[in-house]
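Accompanying notes for the structure given below.
The values are calculated or read from the model by the stated rules, or taken from the named source; none is laboratory data. What you are looking at is a predicted structure, and each value in this text was computed from that prediction instead of being measured. Neighbour counts are summed over all protein chains in view; Cβ atoms, including those assigned to glycine, are modelled from backbone coordinates with ideal geometry. Quick note on the areas: whole protein, heavy atoms, side chains included, nothing else; ligands and nucleic acids left out. Shrake-Rupley method; radii C 1.70, N 1.55, O 1.52, S 1.80 Å.
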Amino acid sequence: MINNKQKILISGVQPSGRIHIGNWVGALQNWVRLQTNPDYQCLFFIADYHSLSSDYDPAEKREQIFELMVDLLALGLDPEKCLLFRQSDILEHAELCWIFNTLTPMAFLERMTQFKDKSGEQEKNINVGLFDYPVLQAADILMYRGEFVPVGRDQVQHVELTRDIARFFNNKYGVQFFPEAKPLLTNVSKLRSLNDPLKKMSKSLGEKSYIALSDEPDVVLKKIKSMVTNTDGLITMTEKEIEDALTRPITKKGEEELCGQAGILNLITLLRLFGSAEEAEQVIANQPLKYGELKPLVAKRVSDYFAEFRERKTELMAKPHEVKEVFESGAERARALAAETMKEVREIIGITLKD
Ligand code: ADP
Ligand code: TRP
């Protein structure tokens, strides 16, 4: 199935809650756009093994996996144009992860910021899977010799580690087997959390942090109305100044101000992305911002943008057999590719018996 002239592009998303506008802005919009680009052969998958490293309920997980596939289809990902599958249907991912574990220094994983953040968020469940998470991610990418990885900014460090692991493998075994993967970012690679704008919007920060793509207009309005912004409606900092300020020690007052500025810029970003650049410029030109008018406008732009998605999702939820077929045919196609890679890997690393 893989055409040699095309570059392999691969990415995954965890089934750990409903997908939100941060996922869309940072990664999923690129997935949909790139599936029709003739330069790439696209593979997208549901990273269910990864999601086991955070607390979860098994019955809920089952629903989340199914619903995530529905979401991907409702967004317009088309199994005729890209390979859509679920990670745990391809057991080889766990096998390659183990092989990569034997090549990856612990110290490299200790540096991973996601591990540090998540360890803080789930103090009672700092499991080995959470630590090893980026190695499994490298296995996901390299299993299909992925060269391009469309993700949000928070995942760049993991893609860099994937490059290191590919290099360790190639050097250790004296081969040029795995390529060097590069992240592909969108213009806005990080959307900020609605209620805590100094952090990225994330499912793990709770319902109030994000707008799910499937949120109905009344919910979107409520969430945007309670978004943290500054009080006087004046923009005094750029995104870059905020990011720079965050790298230095700050006082409580400084942090509050920064938070207000990050919030106001986040609101403008939403208008720019889901309304238009002109609309956003107009608002910036008419400071101070009038939140009473602006917030309902932004809420309308966001809900209108995803109206078609919501409709398609409702339709697909009523057709579970069609969705199941996507899982089945995707698994079959991905399995064949993974089997080919692993046959060669086992030979290279010396665990294949002689004929
Ligand atoms: P979450 O952090 O909400 O659990 P995931 O880890 O499942 O989201 O992320 C799926 C994809 O969406 C990844 O490529 C990730 O980089 C991207 N992403 C997640 N949150 C954001 C955000 N706030 N801004 C931009 N991209 C994001
Ligand atoms: N770690 C990614 C996230 O949290 C999900 C993921 C798992 C992934 N494996 C991947 C992304 C491989 C890109 C490529 O969003």
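A few comments on the model shown:
- Pair Glu281, Lys81: separation of 7 Å Cα→Cβ label points (nm): 3.0
- Note on the chain: antiparallel DSSP beta bridges, both residues inside, total approximately 10 percent of the bridges counted.
- For region 1-69, the equivalent ellipsoid derived from the Cα gyration tensor has semi-axes of 27, 14, 9 Å, listed largest first.
- Per residue, region 22-176 exposes 42 Å² of accessible surface when a 1.4 Å probe is rolled over the protein heavy atoms with every protein chain present.
- Here region 52-94 is scanned for amide nitrogen atoms under 13 Å from the site 7 Å beyond the Cα of Glu325 along Cα-to-Cβ, giving 79-80.
- Restraint check, Lys81/Lys203; Lys118/Lys200; Lys61/Lys324; Lys225/Lys300, Cα-Cα greater than 20 Å: Lys81/Lys203
- In the chain, helical runs assigned H by DSSP with n ≥ 4 each contribute -39500 (n - 2.57); averaged across all residues and rounded to the nearest 500, the mean residue ellipticity at 222 nm is -17000 deg cm²/dmol.
- Both radii are taken from the alpha-carbon atoms of region 222-265; with Rh as the Kirkwood radius, Rg/Rh is 0.99.
- Centre separation in Å (Cα based) which lies between region 119-156 and region 1-80: 14
- In region 203-310, the portion of solvent-accessible area held by carbon and sulfur atoms comes to 56 percent [1.4 Å probe, whole percent, DNA, RNA and ligands not counted].
- Approximate spin-label separation Asp55-Glu257, in nm, with each point projected 7 Å along Cα-to-Cβ: 3.8
- Acute angle (nearest 10 degrees) that the helix 320-349 long axis makes with the longest principal axis of the chain, alpha-carbon atoms: 50
- Highest mobility in the GNM of the chain, judged by mean-square fluctuation with C-alpha springs under 10 Å and restricted to Lys223, Lys118, Lys172, is found for Lys172.
- Positive minus negative residues near Glu332 (Lys, Arg vs Asp, Glu; Cβ under 14 Å): -1
- Shape summary: the chain maps onto an equivalent ellipsoid whose semi-axes, from the alpha-carbon gyration tensor, are 37, 24, 18 Å in decreasing order.
- √(5λ) per eigenvalue of the Cα gyration tensor, region 203-310, largest first, Å: 25, 17, 12
- Judged by the mean number of other Cβ atoms found within 10 Å, the most tightly packed of the peptides 231-242, 86-97 leads the ranking 86-97, 231-242.
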